[in-house]
Amino acid sequence: MHTNFKLTYVALLFIIAFLIVKYAIPFWRHFQIRQESKNLYLHLNQSSVPWQIFARSTENNPIYLFETGNGPDTVLIMAAFHGNEPVGFDLAVRLADTLYKNPSLIRNHVVLVPAVNPDGLIKGTRQNANGVDINRNFPTADWSPVYTKKKYFPGREAGSEVETQVVMALLDKYKPKRIVSIHQPLRMNNFNGPAQRLAEVMSRDNGYPVKADVGYSTTGSFGTFAGEELKIPTVTLELPDVGPDEAWQQNFKALLDAINLNGRE
């Protein structure tokens, strides 16, 4: 009887430890990252980097932009289409800070937008303030109001959201020669349009596989809109499930090479 109690107690401790390692620790880690990114966004206007307010979100939060460098190409780098992917936001902010302090690192013009969906970033939600997945809301030929899960809600009309319209305005104003859109957590360099070479250059640095398909339907996506329909080389940099430091270590050189592609190849 006493032995059985001991075995039950040990088994219970093992189960509790397993649940803590598998669920509680990752949850706490992700919560901390979200809080740190939210705080970073809310104090971005106090940064040494000269951020501009390009537009405002559905809830009137600033959509910040930083541009730097001179050269024949304009490279647009964006992050946080999905507000629950804060590591991409942090990566874009770190890149802006580094380029501001070290402008000689680049040979082209760079436009950085770290939070396309600041309302979602603040709340820690994938969708914007209207509950729309921005990356399903672009006016592509394949846009559809049909969705399988609430988190994929594409809006009632294509291009209906302020954030979607802001991204289209960015393309119209800056006419980028290539685009990197940062997401998480699929770990790949997913390319759309004439961007395989760009994805391969980035892959040599970050080690992520090069893929033309994410493996599931993404109707109304930015990649389809910009890459397939506008023919702008577009890479969706899908970070793995890592924290900001690891994402930076894995992708700083990849982003630099994406910016300097013409001068490097």
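The values are calculated or read from the model by the stated rules, or taken from the named source; none is laboratory data. As the structure is a computational prediction, the values presented were derived from the model and not from experiment. Quick reminder, even Gly has a Cβ in these numbers, built from the backbone with ideal geometry, and neighbours come from all protein chains shown.
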_Let me spell it out: the conditions are (1) within 21 Å of residue 52 (Cα to Cα); (2) surrounded by fewer than 16 Cβ atoms within 10 Å (Cβ to Cβ); (3) acidic (Asp, Glu), and residue 142 meets all of them except one. Which number is the exception?_
(1)
_Taking the conditions exactly as written (crowded, with 23+ Cβ neighbours inside 10 Å, touching a Phe, Trp or Tyr at 6+ places or on another chain (Cβ under 8 Å), modelled with pLDDT of 95 or more and not small (Gly, Ala, Ser)), does residue 89 satisfy them or not?_
yes
_Search result, residues across region 223-252 that are under 17 Å from the mean Cα position of the chain (by Cα) and either surrounded by fewer than 21 Cβ atoms within 10 Å (Cβ to Cβ) or among the aromatic types (Phe, Trp, Tyr) (or both)_ = 225, 240, 241, 242, 243, 244, 245, 246, 248, 249, 250, 252
*Take the residues of region 170-222 that are of a type in the set (Ser, Thr, Tyr) and either outside any helix (DSSP H, G or I) or in contact with a Gly (Cβ under 9 Å, 6 or more places away or on another chain) (or both): which is surrounded by the fewest Cβ atoms within 10 Å (Cβ to Cβ)?*
216
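Of the residues that make up region 52-71, is at least one of a type in the set (Lys, Arg), at pLDDT 95 or above and either assigned to a loop (DSSP other than H, G, I, E, B) or farther than 21 Å from residue 188 by Cα (or both)?
Yes, region 52-71 has at least one match.
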*asked:* Which of the numbered conditions does residue 165 fail, given that it passes all the others? Conditions: (1) buried (at least 18 other Cβ atoms within 10 Å of the Cβ); (2) free of Cβ contacts under 8 Å to residues at least 40 places away in the same chain.
replied: (1)
*Of all residues in region 115-128, count the ones that are assigned to a loop (DSSP other than H, G, I, E, B), in contact with a Gly (Cβ under 7 Å, 6 or more places away or on another chain) and free of Cβ contacts under 8 Å to residues at least 60 places away in the same chain.*
3
_Near pairs, Cβ below 6 angstrom, 6+ apart or cross-chain, from region 88-114 (farther than 22 Å from residue 54 by Cα and in contact (Cβ under 8 Å) with a residue 24 or more places away in the chain) to any residue that is crowded, with 23+ Cβ neighbours inside 10 Å and β-branched (Val, Ile, Thr)_ = 106/259
